[in-house]
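The values are calculated or read from the model by the stated rules, or taken from the named source; none is laboratory data. Bear in mind that the values here come from a model prediction, so they are computed numbers and not experimental data. Reconstructed Cβ throughout: ideal geometry from the backbone, glycine too, with neighbour counts over all protein chains shown.
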Amino acid sequence: MSNIKWAYMDHWMMESPRGLVEPNVSRQYMDQYMKQIVALGFEGLDTFVFRLLGRYSQMFGSPKGFQHFLQDHGIGKIVSVFHAYPYATKDRAAHIRATHDDIFADCAGAMQACEGLGIDNFIIMPTSTYFQTEPVTDETIKIVADLWNRVGKMTLEHGIKTTSHHEFWCGIRSAEQIEKFYQYTDPQYVFYFCDAAQHTIAGVDPVEVYSKYHARCSGFHFKDTHTVDTKGEYRLPPDAELMAPSVKRWFWEIGTPEGLVDFPALMNAIKRFGYRGWISLEHDGPDRTGGNYAESTCIARWYIDNVLSKIYS
């Protein structure tokens, strides 16, 4: 059996008479989407909790109905579900202890809805936007860690790992903040999810951070970037990822010559530490600069097959 299995993170847009649309506008578009993913050799899917419990459950009757649809098309399983509170509210803000009970209840409800799907990871963004979370103090990080320790213990009771994904624009983003977060979280309950591009934009070397926390790593999002944020745009409201004034597109497919992530070095580290499991390919917004998701996925799959898999597969 292969050491590495490849999943696709659920970002996709398609041409329609109304312009670009998400595939979940119809079963016909979902059918085309999955056929393209499977044709390129992807065996699993990462998706979002709000999408799985919302549109997909409406379209296919339930989360299990959606999983049956995937399996009928050749996608073996939903590998991970992503859950986040990108914007803090008075009732949902991980750095505010008074909101923890409501967040915990949301997470518990998601676990109940995902029961029986065989999902591996509950990927969380540990905080909301940086500008809403700052100042990010030791006490702030401790409060956040307490929440995810509690959630992580609960999700393991459902056989699912709570694993932290650090966006460049969220409240725990720098190498120092990440180190404190993993000091304050219990390795039994809170795992690490490596997003290569998000780390790189934040000035963090993904090879170094993965090497440091490899024993806690439960998965990867492989996408690239051409830009390191040296202007502090991660702090800009309302949405640094979509509206930074100096950057049209933060994220790029792996395999472009301008890419800043050293994927061969990361793949060698994955091999060195003996990781076995899923790596998820992710694309965020190729349409913003005239590209499309099918083209980006083909470019990335060529790079996987001709470069990365020759290192470790």
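Give the residues of the stretch 130-183 that are of a type in the set (Phe, Trp, Tyr) and either in contact with a helix residue (DSSP H, G or I) (Cβ under 8 Å, 6 or more places away or on another chain) or on the phi > 0 side of the Ramachandran plot (or both), sorted by residue number. Write out each step before concluding.
Initially, the stretch 130-183 is screened for residues of a type in the set (Phe, Trp, Tyr), giving 130-131, 148, 168-169, 181-182.
Scanning the stretch 130-183 gives Tyr130, Phe131, Phe168, Trp169, Phe181, Tyr182.
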Take the residues in the stretch 252-270 that are of a type in the set (Val, Ile, Thr) and crowded, with 19+ Cβ neighbours inside 10 Å, then tell me which one is nearest to Ala196 (Cα to Cα). Val261
Determine which single condition Phe273 fails, assuming it passes every other condition in (1) closer than 30 Å to Phe131 by Cβ; (2) surrounded by fewer than 20 Cβ atoms within 10 Å (Cβ to Cβ). (1)
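If the requirement is being aliphatic (A, V, I, L, M), surrounded by fewer than 19 Cβ atoms within 10 Å (Cβ to Cβ) and not in a loop (DSSP other than H, G, I, E, B), which of these qualifies: Leu45, Leu20, Leu70? Walk me through it before giving the result.
Numbers: Leu45 fails: surrounded by fewer than 19 Cβ atoms within 10 Å (Cβ to Cβ); Leu70 fails: surrounded by fewer than 19 Cβ atoms within 10 Å (Cβ to Cβ).
Residue meeting the stated conditions: Leu20.
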Check on Ile143, closer than 24 Å to Arg235 by Cα and among the aliphatic types (A, V, I, L, M): yes
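Scanning for something among the hydrophobic types (A, V, I, L, M, F, W, C), under 30 Å from Phe131 (Cβ atoms) and assigned to a helix (DSSP H, G or I), does the stretch 217-230 turn up at least one residue? Even if it seems obvious, please write down each step before you answer.
At the first step, the residues of the stretch 217-230 found to be among the hydrophobic types (A, V, I, L, M, F, W, C) are 217, 220, 222, 228.
Then keep just the ones that are under 30 Å from Phe131 (Cβ atoms); that gives 217, 220, 222, 228.
Checking which are assigned to a helix (DSSP H, G or I) leaves us with none.
No; the residues of the stretch 217-230 include none that is among the hydrophobic types (A, V, I, L, M, F, W, C), under 30 Å from Phe131 (Cβ atoms) and assigned to a helix (DSSP H, G or I).
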Applying the selection to the stretch 48-67, what residues are under 17 Å from the mean Cα position of the chain (by Cα) and surrounded by fewer than 18 Cβ atoms within 10 Å (Cβ to Cβ)? Phe50, Arg51
Take Glu241 and decide whether it is of a type in the set (Asp, Glu), in a helix (DSSP H, G or I), out of contact with any helix residue (DSSP H, G or I) (no Cβ under 6 Å at 6 or more places or on another chain) and surrounded by 15 or more Cβ atoms within 10 Å (Cβ to Cβ). yes
Only one of Ile304, Ile311 is surrounded by fewer than 20 Cβ atoms within 10 Å (Cβ to Cβ) and farther than 19 Å from Gly19 by Cβ. Can you tell me which? Ile311
Pairs, first touching a residue at least 60 places away in the same chain (Cβ under 8 Å) and under 21 Å from Ile123 (Cβ atoms) in the stretch 49-78, second assigned to a loop (DSSP other than H, G, I, E, B) and not charged (D, E, K, R), C-beta under 9 Å, six or more apart: Val49/Ala84; Val49/Cys114; Leu52/Cys114; Leu52/Leu117; Leu53/Cys114
Taking the condition of being assigned to a loop (DSSP other than H, G, I, E, B) and of a type in the set (A, V, I, L, M), how many residues in the stretch 73-93 meet it? 4
Restricting the stretch 1-17 to residues that are more than 19 Å from Pro286 (Cα to Cα) and modelled with pLDDT of 95 or more, which is surrounded by the fewest Cβ atoms within 10 Å (Cβ to Cβ)? Asn3
Considering Thr200, Thr163, Thr185, Thr230, which residue is buried (at least 21 other Cβ atoms within 10 Å of the Cβ), hydroxyl-bearing (Ser, Thr, Tyr), modelled with pLDDT of 95 or more and more than 25 Å from Arg97 (Cβ to Cβ)? Thr200
What number goes with the only condition from (1) within 29 Å of Glu15 (Cα to Cα); (2) touching a Lys or Arg at 6+ places or on another chain (Cβ under 6 Å); (3) surrounded by fewer than 23 Cβ atoms within 10 Å (Cβ to Cβ) that Trp278 does not pass? (1)
Hey, does the stretch 213-227 have a residue that's out of contact with any strand residue (DSSP E or B) (no Cβ under 8 Å at 6 or more places or on another chain), surrounded by 16 or more Cβ atoms within 10 Å (Cβ to Cβ) and closer than 27 Å to Val81 by Cβ? yes
